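First up is the structure itself, then whatever we jot down about it.
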Amino acid sequence: MPESTPRSFDLLILGGGSGGYAAAFRASQLGLTVGLVEESKVGGTCLHNGCVPTKALLHAAEVADNARDGAKYGVNATLDSIDMAVVNEYKQGVVDRLYKGLQGLVKARKVELIEGHGTLVGPDAIEVRGERYTAKNIVLATGSYARSLPGLEITGRVMTSDQALQMDTVPSSAIVLGGGVIGVEFASVWKSFGADVTIVEALPHLVPNEDEVLSKGLERAFRRRKIDYKLGVKFQGVEQTDSGVKVSLEDGTVLEADVLLVSVGRGPRTSGLGYEEQGVRMDRGFVLTDERLHTGVANIYAVGDIVPGLQLAHRGFQQGIFVAETIAGLSPQPIVEANIPRVTYCEPEVASVGLTESKAREIHGDDAVEALEYNLGGNGKSQILGTQGFIKLVRVKNGPVVGVHMLGSRVGEQIGEAQLIVSWEAHPEDVAPLIHAHPTQNEAMGEAHLALAGKPLHAHD
Ligand SMILES: Cc1cc2nc3c(=O)[nH]c(=O)nc-3n(C[C@H](O)[C@H](O)[C@H](O)COP(=O)(O)OP(=O)(O)OC[C@H]3O[C@@H](n4cnc5c(N)ncnc54)[C@H](O)[C@@H]3O)c2cc1C
């Protein structure tokens, strides 16, 4: 450690992922001195093992689909092979450029990067490599890890997203255990790259946290893409040989494939870090906080994947900003979890914000809720792209839109407007007069609101 490294800060942050570095940058903007403890690379899961590399793979997958399907549009091309070395080089190039930019920001914002494994050793202290650092405020932001199931060892051909992202070949076939966001994204990539894919999901639907129409729509789309899935059935065991994996399910089915991807969720990375010892309240490894992300102990806050709720990078960013502003004496508005946009980047994409129809009915009462689906069949740009799907709106009768749920290629790009509509509690009648450019997929958002406001234009009654 250089002699000049300070030992005492206004704010010390444990973990430099999305939540941690956002807190660091905002706090330093607000004039606080900040120490950021990171044992690996600033940027965390999202930049190095999550959002960014997976979306690069999904883009390469889209290019593969375009090459394969070119003839449909009169562009005759053949897809010869996927060169994973080049795919990985492209993916890593994106990550490296962003990482360099982020390291530059850490320096520019004068955030003191303390490299090494940190543990909480007091209500105002973190120890790193035998050195004790103190601060008036502490933010815990140690993120998450890929979970497995009891007795299911991650080794060889049985992998999580961490190993799957490093693969230097395309598997000829894959079983994906877990049909949540990470599972369906990898299934989508591998199918586009030419693999036979089967998803196994214990719950009755793929992307089970979404409005049921999105789950069913994605299941139909995956069936058309010949991505297999087994729903409502539990994993029993796996046998691994030199040439593949044999997965048995509780209903007696045995599936064979080249690899098994275990995508059964992410657990909080909190064990052995001194949290409980300092009195931080925990539930199954997650850190419990109030709505202001305070742990209830001294000036200790928590952000990101260790706090129960949606495990998304932009939630971590916003929580980091929120906590930094709170510590600096501002009074930011608490984050409304339901209004955090959610995008699953498989093909077709799934995107939503706000309440599902069933949740809205539970909260507002069955008679007080109205829903409408606008089919992308009536949307020019979607026809041009050759995508099927829909936008579903959920509103309180005579009241605001409380949920927007979308399925179709590229619909994730529509989540920005959807988010404004839900967060600003717009009524369909407020959105209907807003002009949506023609021909864009965004027009479908306008059309859906026109229809819900009782004046559909390009929709059959
Ligand atoms: C395959 C995959 C795809 C994903 N895709 C998306 C997506 O498209 N969009 C999206 O919004 N989210 C996505 N996510 C989720 C997203 O990556 C996480 O929600 C986000 O990274 C959480 O941020 P965080 O700051 O809580 O934790 P992390 O990003 O996990 O950061 C925690 C950091 O803390 C460090 N750390 C932990 N313990 C210590 C310690 N004791 N001492 C020092 N340092 C420590 C770690 O090294 C790490 O850098 C994806 C995740 C995965 C795995």
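The values are calculated or read from the model by the stated rules, or taken from the named source; none is laboratory data. None of the values given here were measured: they were computed from a predicted structure. Every residue, glycine among them, receives a Cβ derived from its backbone with ideal geometry; neighbour counts consider all protein chains shown.
Among the residues of the stretch 291-310, those identified as surrounded by 21 or more Cβ atoms within 10 Å (Cβ to Cβ) and either more than 10 Å from the ligand (Cβ to nearest atom) or under 16 Å from the mean Cα position of the chain (by Cα) (or both) are Leu293, Thr295, Ile300, Tyr301, Val303, Gly304, Asp305, Ile306, Val307. Among residues of the stretch 1-58 being in a loop (DSSP other than H, G, I, E, B) and of a type in the set (Asp, Glu), the one that is farthest from the ligand (Cβ to nearest atom) is Glu3. Being outside any loop (DSSP other than H, G, I, E, B), away from the ligand (no atom under 16 Å from the Cβ) and either at pLDDT 95 or above or in contact with a Leu (Cβ under 7 Å, 6 or more places away or on another chain) (or both) is a description that does not apply to Glu153. Scan the stretch 318-327 and tell me whether some residue there is in a strand (DSSP E or B) and surrounded by fewer than 19 Cβ atoms within 10 Å (Cβ to Cβ). The answer is no, given that none of the residues of the stretch 318-327 is in a strand (DSSP E or B) and surrounded by fewer than 19 Cβ atoms within 10 Å (Cβ to Cβ).
Go through the residues of the stretch 103-112 one by one and say whether even a single one is under 29 Å from Phe25 (Cβ atoms), touching an Asp or Glu at 6+ places or on another chain (Cβ under 8 Å), in contact (Cβ under 8 Å) with a residue 60 or more places away in the chain and crowded, with 21+ Cβ neighbours inside 10 Å. It would help to see each step written out before you state the result.
Within the stretch 103-112, the first condition is being under 29 Å from Phe25 (Cβ atoms), and the residues that meet it are 103-112.
Checking which are touching an Asp or Glu at 6+ places or on another chain (Cβ under 8 Å) leaves us with none.
So far as the stretch 103-112 goes, no, none of its residues is under 29 Å from Phe25 (Cβ atoms), touching an Asp or Glu at 6+ places or on another chain (Cβ under 8 Å), in contact (Cβ under 8 Å) with a residue 60 or more places away in the chain and crowded, with 21+ Cβ neighbours inside 10 Å.
Of all the criteria given as (1) in a helix (DSSP H, G or I); (2) in contact (Cβ under 8 Å) with a residue 12 or more places away in the chain; (3) exposed (fewer than 15 other Cβ atoms within 10 Å of the Cβ); (4) out of contact with any His (no Cβ under 9 Å at 6 or more places or on another chain), the one not satisfied by Glu425 is (1). Tell me, which strands (runs of 3 or more DSSP E) wholly within the stretch 108-150 include 1 or more residues that are of a type in the set (Ser, Thr, Tyr)? Fully inside the stretch 108-150 and qualifying: 118-122, 131-140, 144-146. Quick check, is Gln441 part of a loop (DSSP other than H, G, I, E, B) and buried (at least 17 other Cβ atoms within 10 Å of the Cβ)? So Gln441 passes the test. Suppose the filter is more than 10 Å from the ligand (Cβ to nearest atom), among the hydrophobic types (A, V, I, L, M, F, W, C) and in the same structural domain as Val323 (by TED's automatic domain parsing); does Leu105 pass it? Yes; evaluated as a whole, the condition is true for this residue. On the basis of being over 15 Å from Val176 (Cβ atoms) and within 16 Å of the ligand (Cβ to nearest atom), does Val287 make the cut? Yes, satisfied. Looking at the stretch 26-74, which of the residues that are more than 16 Å from Gly316 (Cβ to Cβ) and basic (Lys, Arg) is surrounded by the fewest Cβ atoms within 10 Å (Cβ to Cβ)? Applying the filter and picking the extreme gives Lys72.
Tell me, please, whether a residue that is part of a strand (DSSP E or B) and either under 19 Å from Pro348 (Cα atoms) or of a type in the set (A, V, I, L, M) (or both) can be found in the stretch 217-226. I'd like the intermediate steps shown before the answer.
If we filter the stretch 217-226 for residues that are part of a strand (DSSP E or B), which is where we start, we get none.
The answer is no, given that none of the residues of the stretch 217-226 is part of a strand (DSSP E or B) and either under 19 Å from Pro348 (Cα atoms) or of a type in the set (A, V, I, L, M) (or both).
On the basis of being within 15 Å of the ligand (Cβ to nearest atom), at positive phi, in contact (Cβ under 8 Å) with a residue 12 or more places away in the chain and under 23 Å from the mean Cα position of the chain (by Cα), does Gly183 make the cut? Taking the combined requirement at face value, the residue does not satisfy it.
The set of residues in the stretch 186-205 being within 16 Å of the ligand (Cβ to nearest atom) and under 17 Å from Gly389 (Cβ atoms) consists of Ser188 alone.
Scanning the stretch 369-406 for residues that are free of Cβ contacts under 8 Å to residues at least 60 places away in the same chain, touching a Ser or Thr at 6+ places or on another chain (Cβ under 7 Å) and surrounded by fewer than 24 Cβ atoms within 10 Å (Cβ to Cβ) gives Leu385, Thr387. Among the numbered conditions (1) in contact with a helix residue (DSSP H, G or I) (Cβ under 8 Å, 6 or more places away or on another chain); (2) farther than 28 Å from Ser144 by Cα, the only one that Ala60 does not meet is (2).
Just to be sure, is Lys392 of a type in the set (Lys, Arg) and in contact with an Asp or Glu (Cβ under 6 Å, 6 or more places away or on another chain)? Here the answer is yes, as Lys392 does meet what is asked. One residue alone among Leu376, Leu407, Leu457, Leu372 is at negative phi, in contact with a helix residue (DSSP H, G or I) (Cβ under 6 Å, 6 or more places away or on another chain) and at pLDDT below 95, and that residue is Leu457.
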